[in-house]
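Coordinate-derived values only; no laboratory data. Predicted model only: the values in this text are computed from it and were never measured. With ideal geometry, Cβ positions are generated from the backbone for all residues, glycine too; neighbour counts draw on all protein chains shown.
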Amino acid sequence: MSKKKSKYFKYLLWILASLTAMSLLLSYILDSEDNKWDDFFVNLGASFVIVIFTIFVVNRLLDERDKKRYKDAHDTAKRDIEILKNKLVICPGEILGLAIENDDYLLTELEMENSIKNVLEKLIKSNIEQILESHTTKDWERLERNFSSVKNSLSNIIMLYSNLVPPEILGKLLKVNQKTGDFFYEFDTFSSLFTKEKEGWLHNKLGQEYNMKIRNTLISRLSVKLENYFNAVEELQNSLIHWQK
């Protein structure tokens, strides 16, 4: 059963429970040997109790039916989002010098998960600005390509599973997608300062020294964007652990 319908059932149960309590209370207040309303309110309260029990049972049965109907879809969504989460770490991580080892791909699923988690923790604690400062144009090109792949994968997952994942998981996915967009917005402003040698920089009429100042400022801002991105990925990782339980 959808969460919207389940919410309506809860409201209905609260209304019926309130009416039951009112009926029993009126029965108690009007209790007397010659009061005909006494039995009426007792019977009315009993009827409400039966209706509440019936609705509760039906609601549980519908929930179980929906779980079985959507089990394969939910399992597929969980698996694909888990794979995506690994990609969110591996793609930028390998360009920043904190990739998983080749031998790690031979690990069990649990060991692989721990390896990804360790890499993410190192990325969050690392001095990203210092790493970016040492990047060559080739490194920046690879980072741009990898982040493009990440952004496309995120968009596909959100489009496919937005109606199947819990709201908190969808919120974390959207947050990671937002942080990825923030990085690209900053990077695309003067991408040539990173993907081209100095001779190919745009706006060279202002002088390479001026462009270098812009580049250094952007590196500082991009490092902050990446830190925010990795923090968002960590939040997604933690939410996935709770969802799987």
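Observations on the structure shown:
- Chain lengthening between residue 136 and residue 156 when straightened (0.36 nm per residue, less Cα-Cα): 4.1 nm
- Our estimate of slack between residue 224 and residue 163, defined as 0.36 nm per intervening residue step minus the Cα-Cα distance, is 18.8 nm.
- When 18, 191 are sorted by how many other C-beta atoms sit within 10 angstrom of their C-beta, beginning with the fewest, the order is 18, 191.
- Three-way shape call for the range 71-244 based on the alpha-carbon gyration tensor, with the a/c threshold at 1.5: prolate
- Residue-span extension gain [residue 214 to residue 124] - 0.36 nm each, minus C-alpha spacing: 29.9 nm
- Here the 3J(HN,Hα) profile of the range 174-179, calculated from phi with Karplus coefficients 6.51, -1.76 and 1.60 at θ = phi - 60°, is 5, 5, 4, 4, 5, 5 Hz, Gly and Pro shown as x.
- For the residue pairs 172/213; 117/175; 117/151; 122/179; 87/179, the C-alpha atoms sit more than 23 angstrom apart in 172/213.
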